[in-house]
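**Q** Just dropping this structure here.
Nothing in this text is a laboratory measurement; each read-out follows from the coordinates by a stated rule. Not measured: the values here are computed from a predicted model. Don't worry about glycine lacking a Cβ; one is built from the backbone with ideal geometry, like all the others, and counts go over all protein chains shown.
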Amino acid sequence: MPRQTTEEIIREEIEMVRARRIILDHLEGGLKTGAELREKIATDTKAQMVREGASKREIAKVEITSPKLYHNTKRLEELGIVVSWKQSQYRLFELEPKAIHPVRRALGITKPLLYVTSLSRPEDQRPFVQWLTNNPHFNPRKLLVFVEAAHWTRGVSRIVDRFIPDNAFRRWTTEWVEVPDEVTGTEKETEYGHLQGTADFLEAAIIDNIFIHDMVIDLTLGPSLISLALAKLSAEYSITAFHVTRYDASNSELSYY
């Protein structure tokens, strides 16, 4: 029997227990205390009772206790969807970063799009940007571009905006991240780099952006090790990844990973 995806597990949980939907919905907005989550569940429960015609006295009796909250959050923690910890007299709750995209998809929440990619050579910028400018699939707010430090020296131009046609309506910000030689390896015959080390380096930049952006990952033009590491992270974080047959907006085909 095929293993359930994180998104499928989340959908089951929020359909079975409404309180878990409320918890995940509010944690998607950031860190919350137990008291804040109990208040949100209570507010939702009272609203439901009003719709069902409950009396004011019945509604006033509603109380979401710590044990009830614990029962629901514990289940979500066991599934690897939520993390919590004690700080001073409070217990704080947060979504596990690897569950953020599945939670958003399950709840129908969208964020500004971050387009993650890697370029092997500076001359790759022009065809990539001109394709993305007229792309029917993605309209990013920001680009995150990983490059090998050894091949993108200080004198190499990284101004991708100069390739955007003057009449184009799309604009984005671009963040460049140099991946150090220590993890990607060198041109020496026996130094092929470290896949896990590269993935760990890229992961830090992914996590920095994942709380405020939805993401897609383009695996087309990057050096092999960086592309492999991005593919690995796309699977771990449930982020859509793809390869493009050609950078031509009118004649391209996307193969999803």
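**Q** Mind giving me the FRET efficiency for Asp200 and Arg141? R0 is 30 Å, r the Cβ-Cβ distance, nearest 0.05 is fine.
**A** Values: r = 26 Å, r/R0 = 0.86.
About 0.70, to the nearest 0.05.
**Q** Using 0.36 nm times the number of residues separating Val62 and Glu15, minus their current alpha carbon distance, what extension gain do you get? Kindly include the intermediate steps, with their values, before the conclusion.
**A** On the way: separation 47, 0.36 × 47 = 16.92 nm, distance 2.17 nm.
Gain on extension, Val62 to Glu15, equals 14.7 nm.
**Q** Starting from the alpha-carbon convex hull of region 72-135, give the projected area averaged over all orientations, in nm².
**A** 7.7 nm²
**Q** On to the next question. Just to check, using Stokes-Einstein with a Kirkwood Rh over alpha carbon pairs, what's the diffusion coefficient of the chain at 25 °C and 0.890 mPa s in µm²/s? Mind showing how you got there, number by number?
**A** Working: Rh = 20.9 Å.
The diffusion coefficient I find is 118 µm²/s.
**Q** Could you order the peptides 65-78, 108-121 from most to least packed, using the average number of other C-beta atoms within 10 Å per residue? Please list the in-between numbers first.
**A** Details: 65-78: 14.9, 108-121: 17.9.
Per-residue Cβ counts within 10 Å, averaged per peptide and sorted highest first, yield 108-121, 65-78.
**Q** Need one number: the % of Cα-Cα pairs in region 6-107 sitting beyond the 20 Å mark. Let's see the in-between values first.
**A** Details: 1937 of 5151 pairs.
The calculated P(r) of region 6-107 puts 38 percent of pairs beyond 20 Å.
**Q** Right, another one. Order of 230-241, 194-205, 46-57 by packing, highest average Cβ count within 10 Å first?
**A** Numbers: 230-241: 18.8, 194-205: 17.0, 46-57: 10.8.
Peptide ranking by packing, descending: 230-241, 194-205, 46-57.
**Q** Here is a follow-up. Give a residue-ordered list of calculated ³J(HN,Hα) values for region 242-249 (Karplus: 6.51 cos²θ - 1.76 cosθ + 1.60, θ = phi - 60°; whole Hz; x for Gly, Pro).
**A** With the stated coefficients, region 242-249 comes to 7, 10, 9, 5, 7, 8, 9, 4 Hz.
**Q** How high is the FRET efficiency from Arg51 to Lys86, r the C-beta distance, R0 22 Å, rounded to 0.05?
**A** Details: r = 36 Å, r/R0 = 1.64.
E between Arg51 and Lys86, to the nearest 0.05, is 0.05.
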